[in-house]
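Inspection log for the structure reproduced underneath, given as structure tokens.
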Amino acid sequence: MKKIIKNINIDQVIKIVYLCIVLISISGIIHAQPSDPGSDPDNAPIDGGLSLLIAGGVGYGVKKIREKRKSQETRAKNQEEQENK
């Protein structure tokens, strides 16, 4: 943690703060398209992006579990080899 803080200079901090301020101020200006006046405003489409996000999250979780199992197996093999020496 200390190494990360020592490597950041004040110019980088100013740039990050400026970028955050710009993005926050732009979000107030940009609005979504108005809804169709004849439709029910309570219905929100969740099929497109949300299903992709869920699928991506599941895939990422599976990948992390496999990596963890593989690293545990490798660590166990290394310990066994060192004990046998």
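The values are calculated or read from the model by the stated rules, or taken from the named source; none is laboratory data. Nothing here was measured: the structure is a model prediction, and the numbers come from that model. Positions of Cβ are generated from backbone atoms using ideal geometry, with glycine treated the same way; all protein chains shown enter the neighbour counts.
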Condition check for residue 14: of a type in the set (Val, Ile, Thr), at pLDDT 80 or above and surrounded by 10 or more Cβ atoms within 10 Å (Cβ to Cβ): yes
Residues that are loosely packed, with under 10 Cβ neighbours inside 10 Å, assigned to a helix (DSSP H, G or I) and at pLDDT below 75, drawn from the range 41-85: 48, 49
Test set (1) over 22 Å from the mean Cα position of the chain (by Cα); (2) in a helix (DSSP H, G or I); (3) at pLDDT below 85 - residue 38 fails condition number: (2)
